[in-house]
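Below is one structure, written out as structure tokens; the observations come after it.
The values are calculated or read from the model by the stated rules, or taken from the named source; none is laboratory data. What you see is a predicted model, and the numbers here were worked out from it, not measured in a lab. Cβ sites come from the backbone with ideal geometry, for glycine too, and all protein chains shown count toward neighbours. These area figures cover heavy atoms from the full protein model, side chains too; ligands, DNA and RNA do not enter into them. Shrake-Rupley method; radii C 1.70, N 1.55, O 1.52, S 1.80 Å.
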Amino acid sequence: MENKKELRTWLDEMQLTHPLVIAGPCSAESEEQVLKIAHQLKNTDATVLRAGIWKPRTRPGNFEGVGEIGLKWLQKAKAETGMMIATEVANPAHVELALKHDVDVLWLGARTTVSPFIVQEIADALKGTDKIVLVKNPVNPDLPLWLGAVERLYTSNIKKLGVIHRGFSSFEKSKYRNNPEWQIPIDLQNRFPDLPLICDPSHIAGTRSLIFDICQTALDFNFDGFMVETHFDPDNAWSDAKQQITPETLVQMMIDLKVRKRQASSEDYLSELNKLRANIDILDDKLLGLLSKRMEVADGIGLLKKENNVSILQTNRWNEILGKMILRGEEKGLSEEFVLKIYKAIHQESISHQKKVIIK
Ligand code: PEP
Ligand code: MN
């Protein structure tokens, strides 16, 4: 698949004056619930109403979705409000039912994108559809796997495509339910600048207090829109209760978010930007120089350890450095998470340098 302007035709044709918003409950629960939320979202920035009909739960025994009947409720909501409707499809039977009920936007969930077999089955079932198909990132931080799913759909002659960034599962504890790992959607955007990129702050956050900041970051990175879980009574939602927000909160959020222009061209702006970029280039150069000096010192340590027959990894020393640097980082306004990541990488490189010296 190559980047082509046509990839974003479906989005451009919507002629929105704001980011695309897909909103609605995690799960369709009842006809009344779907219709009530749809009416609350009508006349807001939300163009598309979402609701999960079949819910992929991590453990069995949780609410697994209302099934086909929910599609009828979505259709009714579409007829009453004029909104487009969206749901997740996880196998060819879901695809068939969603198409039969004229669902406008079908998305592949994170647990589906991980499996090329299922993605292929879905791509075959969707062959040539003119519906919009969105692909959530896989659960694990794997860009080729994500792109592979998009390519399977593209090869099935599906031209209205887009991707949804919903964060990545991680063994390490973090404040997010799914770590954003922003570098991954940004890499994807660099390779396919015209493929619509939508952020799902709800599944990244896992808790509603983080949603605004995630949306602002996504806008700063030029994302095209959001998919936000929205419910009139979030705390009593049948799934993902902690991360849903009310339609009122969504409306306020869309007012408060700062949408930046993709490219500004005023001369002052450009000259200021160039100055700052030049500054960054100088600092980056210095950073690399310092890192390379640090490795030279590590080589010296490796030699000394070799002469004295001492093992490379000295855990106490490493923990000491780490503790100290996290504190120093904090004083300088750098987050613990960032310092930890950088130092782990530096330590790794230092060890490989020492190993090279020792086996020489
Ligand atoms: C959802 O959108 O409700 C959902 C299950 O999302 P994900 O596939 O991102 O976990
Ligand atoms: Mn959900």
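In whole percent, how big is the carbon plus sulfur part of the accessible area of segment 304-351, probe 1.4 Å, protein atoms only? Walk me through the numbers before you get to the answer.
Details: 1980 of 3650 Å².
C and S atoms contribute 54 percent here.
Starting from the coordinates of the alpha-carbon atoms of segment 137-244, obtain the Kirkwood hydrodynamic radius over all distinct pairs and give the value in Å to one decimal.
Working: mean 1/r = 0.0687 Å⁻¹.
Result for segment 137-244 stands at 14.6 Å.
Taking the Cβ of K355 as the center, what net charge do the other residues with Cβ under 12 Å away carry, scoring Lys and Arg +1 and Asp and Glu -1?
Neighbour charge sum, excluding K355 itself: +2.
Angle, helix 69-81 long axis vs. longest principal axis of the chain, Cα atoms, 0 to 90°, nearest 10?
80 degrees
Which value, in nm² and rounded to one decimal, describes the direction-averaged projected area of the C-alpha convex hull of segment 268-359?
7.3 nm²
Using only Cα atoms, figure out Rg for the chain and give it as a multiple of 2.2 N^0.38 Å.
Rg over 2.2 N^0.38 Å, computed on Cα atoms: 1.17.
From the Cα gyration tensor of segment 90-159, with a ≥ b ≥ c the square roots of its eigenvalues, which class applies: rounded if a/c is under 1.5, or else prolate if a/b is larger than b/c, or else oblate? Display every interim value, and only then the final one.
On the way: a/c = 1.89, a/b = 1.59, b/c = 1.19.
Since a/c reaches 1.5 and a/b is larger than b/c, the shape of segment 90-159 is classed as prolate.
Lys and Arg at +1, Asp and Glu at -1: add these up for the other residues within a Cβ distance under 14 Å of N178 and post the number. Write down the numbers at each step before the final one.
On the way: positive: R111, K136, R166, K173, K175, R177, K242; negative: D142, E172, E181, D200, E229, D240.
Net local charge, N178 excluded: +1.
First compute the accessible area of segment 192-243 with a 1.4 Å probe, then give the percent of it belonging to carbon and sulfur atoms. Please report the intermediate quantities before stating the final value.
On the way: 810 of 1620 Å².
Its accessible area is 50 percent carbon and sulfur atoms.
Mind pulling the angle between the C-alpha long axis of helix 315-331 and the longest principal axis of the chain? Nearest 10 degrees, somewhere in 0 to 90.
60 degrees
Which whole-number percent is the relative contact order of the chain (Cα, under 8 Å, 6+ apart)? Mind showing how you got there, number by number?
Details: 558 pairs, mean separation 49.0, N = 360.
14 percent.
Positive end of the dipole of the chain, charges at C-beta (+1 Lys, Arg; -1 Asp, Glu), about the Cα centre: which of P247, H353, W10 has its Cα farthest in that direction?
Of the options given, the answer is H353.
Just how large is the dipole of segment 148-221 about the Cα centre, in debye to the nearest 20, putting +1 at every Lys and Arg Cβ and -1 at every Asp and Glu Cβ?
Details: 9 positive and 8 negative charges, 57 e Å.
Taking the Cα centre of segment 148-221 as origin, the dipole is about 280 debye.
Distance from the Cα centre of segment 54-117 to that of segment 304-359, in angstrom?
48 Å
Using only Cα atoms and rounding to the nearest 10 degrees, what angle (0 to 90) does helix 31-41 make with the longest principal axis of the chain?
Between the helix axis and the principal axis of the chain, the angle is about 70 degrees.
Please report the accessible area of E96 (heavy atoms, 1.4 Å probe, ligands and nucleic acids excluded) in Å², nearest 10.
Accessible area of E96: about 130 Å².
Can you list residues whose amide H is under 5 Å from V21's amide H, if they're 5+ apart or on another chain and H is modeled 1.01 Å from N?
T47, V48, F226
Can you list the lysines whose alpha carbon sits under 27 Å from that of K341, skipping same-chain ones fewer than 8 residues off?
Qualifying lysines at Cα under 27 Å: K136, K173, K175, K286, K293, K305, K324, K332, K355, K356.
Which aspartates and glutamates, if any, have their Cα less than 12 Å from the Cα of K131, not counting same-chain residues under 8 positions apart?
Candidates past the 8-residue exclusion: D102, D104.
Any idea which of S174, T113, T81 is furthest toward the positive side of the dipole for segment 5-256, if Lys and Arg beta-carbons carry +1 and Asp and Glu beta-carbons -1?
Farthest towards the positive end: T113.
For the chain, give the magnitude of the charge dipole about the Cα centre (Cβ charges: +1 Lys/Arg, -1 Asp/Glu; no others), in debye to the nearest 20.
On the way: 47 positive and 49 negative charges, 223 e Å.
It comes to approximately 1080 debye.
Taking the solvent-accessible surface of protein heavy atoms with a 1.4 Å probe, what is the per residue accessible area of the chain in Å²? If you can, show how the numbers build up before the last one.
Numbers: 19290 Å² over 360 residues.
For the chain, the per-residue accessible area is 54 Å².
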